[in-house]
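Q: Below is one structure. I have some questions about it.
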Amino acid sequence: MALTREEREQFLAEPHIAALAVDAEEGRAPLTVPIWYQYEPGGTAWIMTALDSRKHRLISKAGRFSLMVERLEPTIRYVSVEGPVTDTTPGTIEKLREISARYLPAEKVDGYVDFAWKNHGEQVIVRMRPERWLSSDLGSV
């Protein structure tokens, strides 16, 4: 059963690890990788990635990408969203802290942020406006 707009937006706003997909080079399947993301109902979704990463190059070229999140319990549910890139800005330590706090226990955030900021290279924030949605709750396992 398809989710309502409110249900799908709320589900996407929960801290799931997304599968990001973006069109790849000629003769290649789409790049699909796990990624942390941030989303608030009614807003844009954003990711943070290395400026020189393959995913950033492909997203820049394609101008759009998809995110898909899922769960198995208490029911099998998924939401997939696709849309255009609306903005790309330099990553900041504040945004790194925000997204890290979404996924990590509070006591791990400072250590991770310090490590990532020093070791992951220059970062960018890529925002996407959700345009097309697919969603379903398939019921209990």
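Q: Excluding the sites themselves, what is the longest stretch of the chain that contains no GluC sites (Glu not before Pro) in a DSSP loop with at most 15 other C-beta atoms within 10 Å?
A: After excluding every exposed loop site, the longest remaining stretch is 27-121.
Q: Placing +1 on the Cβ of each Lys and Arg and -1 on the Cβ of each Asp and Glu in the chain, which of 103, 30, 12 has its Cα farthest towards the positive end of the resulting dipole?
A: Of the listed residues, the answer is 30.
Q: Relative contact order for the stretch 1-68 using alpha-carbon pairs under 8 Å, separation at least 6, rounded to a whole percent?
A: It comes to 34 percent, rounded to a whole number.
Q: Still on this model: Show that you can apply the helix-only estimate: for the chain, add -39,500 (n - 2.57) for every DSSP H stretch of four or more residues, divide by all residues, and state [θ] at 222 nm to the nearest 500.
A: Using -39500 (n - 2.57) per qualifying helix, the result is -9000 deg cm²/dmol.
Q: Report the net charge of residues surrounding residue 62, where surrounding means a beta-carbon distance below 13 angstrom and charges are Lys +1, Arg +1, Asp -1, Glu -1.
A: +2
Q: Taking the convex hull of the alpha carbon atoms in the stretch 62-102, what volume per residue do you get, in Å³?
A: So the per-residue hull volume is 93 Å³.
Q: Scattering from the C-alpha atoms of the chain alone, worked out with Debye: what is log10 I(q)/I(0) at q = 0.10, 0.19, 0.22 1/Å?
A: -0.35, -1.16, -1.38
Q: What accessible area per residue comes out for the chain, rounded to a whole number of Å², with a 1.4 Å probe? Write out the running numbers ahead of the final one.
A: Details: 8060 Å² over 141 residues.
For the chain, the solvent-accessible area averages 57 Å² per residue.
Q: Would you calculate the separation in nanometres between label points at residue 28 and residue 61, each defined as 7 Å from the Cα along the Cα-to-beta-carbon direction?
A: The modelled label-to-label distance comes out at 0.6 nm.
Q: Moving to a separate point now. For the stretch 1-133, give the percent of accessible area contributed by carbon and sulfur heavy atoms, probe 1.4 Å, rounded to a whole number. Please list the in-between numbers first.
A: Working: 3930 of 7520 Å².
Exposed carbon and sulfur together represent 52 percent of the surface.
Q: Dipole of the chain, Cα-centred, from +1 at each Lys and Arg C-beta and -1 at each Asp and Glu C-beta, to the nearest 20 debye?
A: For the chain, the charge dipole is close to 300 debye.
The values are calculated or read from the model by the stated rules, or taken from the named source; none is laboratory data. Computed from a predicted structure; not experimentally measured. Note that each Cβ is placed from the backbone with ideal geometry, even for glycine, and that neighbours are counted across all protein chains shown. All accessible areas refer to the heavy atoms of the entire protein, side chains included, with ligands and DNA or RNA removed. Shrake-Rupley method; radii C 1.70, N 1.55, O 1.52, S 1.80 Å.
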